[in-house]
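The values are calculated or read from the model by the stated rules, or taken from the named source; none is laboratory data. What you are looking at is a predicted structure, and each value in this text was computed from that prediction instead of being measured. Glycine gets a Cβ as well: all are built from the backbone with ideal geometry, and neighbour counts include every protein chain shown. The accessibility values were calculated without ligands, DNA or RNA, using every heavy atom of the protein model including side chains. Shrake-Rupley method; radii C 1.70, N 1.55, O 1.52, S 1.80 Å.
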Amino acid sequence: GSLKGMSELNKQQAYAFADKLSRKLCADSDVAGVQLDLEPLSLAGRNGQYHFYQRIAENLAGEVPASGDQAAQACRNADYPQGRFFSVFASSNRLNPTSEEGNLLAKVLSSHGNGYLIAPLYDLGDGPAGEGLALGDYRQRAERHVAQMKRWAKHHGVSYQLAVPAAGTVHEFSRCAGERCSLAAG
């Protein structure tokens, strides 16, 4: 289900959560980075999610603040002299440079040189789960998201990757059974 309460955290609460996660991640020398898929993504108004991601970026870069928790200390070491990386999972639409959220997301990802966006190229349909997207429609939407991601990432100076479906998703599948399933023609 949807993430509840994260956006409502105040700055100190969001930092405490980020510090706790950072300590756990950076205590493990096998962890070079982490992908964060907190849904729904919302950074509007510099809310709790915004502060959480900003602190994650700072901590994983190994930049210990002058005062406060020392969670970042272990993130930069001989194995990881530049710290650890993180990614945020969100639609390419979230990086829109004309939106407050797009600019805040870009700031989070680039503020410490260790963040990037992972944008899905699946579940691009508008219908309910189980309603298939015709191949031609999928191709058109995927191409639009790729072009948009490339353009907006370049605008913001943000690194990104695209997540491609390797199996069935709620809109992309080769066959479907059951009364709630339907395949679009095309």
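Please find the FRET efficiency linking D126 to S29, where r is the Cβ-Cβ separation and R0 is fixed at 41 Å, and quote it to the nearest 0.05.
FRET efficiency, D126 to S29: 0.40.
Check cross-link reach from K11 to the aspartates and glutamates: straight Cα distance under 15 Å, and skip same-chain residues fewer than eight apart.
Leaving aside aspartates and glutamates fewer than 8 places away in the same chain, those within reach of K11 are D19, E58, D69.
Among the complete DSSP H segments of the chain, which ones combine at least 20 Å of alpha-carbon extent along their axis with a mean Kyte-Doolittle hydropathy of 1.6 or more?
Qualifying helices: none.
So if I place +1 on the C-beta of Lys and Arg and -1 on the C-beta of Asp and Glu, and nothing else carries charge, what would the dipole magnitude of the chain be about its Cα centre? I want it in debye, nearest 20.
Dipole of the chain, to the nearest 20 debye: 340 debye.
Going 7 Å from the Cα of Q13 toward and past its Cβ, which residues in the range 45-63 have a backbone nitrogen under 12 Å from where you end up?
Under 12 Å, as judged by backbone N against the label point of Q13, lie 48-49 of the range 45-63.
How large a share of the accessible area of the chain, in percent, is made up of carbon and sulfur atoms when the probe is 1.4 Å and the other protein chains stay in place?
50
Starting from 0.36 nm per residue, how many nanometres of slack lie between E39 and H155 once their C-alpha separation is accounted for?
39.3 nm
Return a whole-number percent for the relative contact order of the chain, with Cα pairs under 8 Å and 6 or more residues apart as the contact set.
Here the relative contact order equals 19 percent.
What does the accessible area per residue of the chain come to in Å², with a 1.4 Å probe and no ligands, DNA or RNA counted?
54
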